[in-house]
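The values are calculated or read from the model by the stated rules, or taken from the named source; none is laboratory data. Small disclaimer: the values here were computed from a predicted structure and weren't measured. Because the Cβ atoms are built from the backbone with ideal geometry, glycine has one as well, and the counts that use them run over all protein chains shown. Areas reflect the complete protein model, heavy atoms only, side chains present, ligands, DNA and RNA absent. Shrake-Rupley method; radii C 1.70, N 1.55, O 1.52, S 1.80 Å.
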Amino acid sequence: VFRRVDGAPLAFRCGQYLNVAFPVHGPGEEPEDRSYSISSAPTQPWTFAITVKREAQGLVSRWVHENVRPGTILDMLGPVGAFHLPDADRRARYLFLAAGSGITPLISMIRTVHSLPGYADIVMLYHGAAPGAFAFSRELEYLASVDWRITVYYSLGDRSEPGSWEGMVGRLTS
């Protein structure tokens, strides 16, 4: 979770992303630039969040998890990107298809719809590699339980899972 150093709110649309310069090689060295979707809702613009999954071999993701703490200052560019919800359509019907880290712009959209009045209807199919590997699953289950506009389905694709998986299995087809 970040905030601007000048204290101003960050104006963004749910679904947009930031380009972030990470000083992984030390001060005075060329930073590593990465793009991350904003995972928070623009209805609370005084802080904003990105979600970084730690990859064992990831240069930047390991550095983020080991070094970013309260007070860390990072250079960011943005928000940018045209993948966002329309500004005015509060009665729309959406089908969100998410897999892996592709959940981050969609969680921003879901958080936004939940925080605003209206009649937007969201159905999300969230594909994962293994049970228990769905980012934001507790929050999604909570939001779906308290907001009639949000429905979430989980799928493991074409993997067969031993045990107690009761969600959908298989790939999307026509």
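The table for this structure:
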item	result
Amide hydrogen neighbours beyond the local backbone of Phe12, cut-off 5 Å, H modeled	none
J(HN,Hα) series, region 42-54, from Karplus relation 6.51 cos²θ - 1.76 cosθ + 1.60, nearest Hz, glycine and proline x	x, 6, 10, x, 6, 10, 8, 10, 10, 10, 10, 7, 6
Within the accessible area of the chain (1.4 Å probe), percent carbon and sulfur	53
Theoretical gain in end-to-end length, Lys53 to Ala8 [0.36 nm per residue, Cα-Cα removed]	13.5 nm
Sites Thr72 and Val146, calculated FRET efficiency, Cβ-Cβ separation with R0 30 Å, nearest 0.05	0.35
Solvent-accessible heavy-atom area per residue, rounded to whole Å², over the chain at 1.4 Å	61
Size descriptor, Kirkwood hydrodynamic radius, that averages inverse alpha-carbon separations across region 57-139, Å	15.5
Nearest-10 value in Å² for the accessible area of Leu18, using the 1.4 Å probe	0
When region 102-174 is reduced to its Cα atoms, the Kirkwood hydrodynamic radius in Å	13.2
Cα-derived Rg over Rh, computed across the chain with Rh taken as Kirkwood radius	1.00
Protection proxy ranking, peptides 77-86, 121-130, average beta carbon neighbours within 10 Å, highest first	121-130, 77-86
The chain, relative contact order in percent, only Cα pairs under 8 angstrom and at least six apart counted	20
Under-5 Å amide H pairs with Tyr154, H placed in peptide plane, nonlocal only	Tyr126, Met168
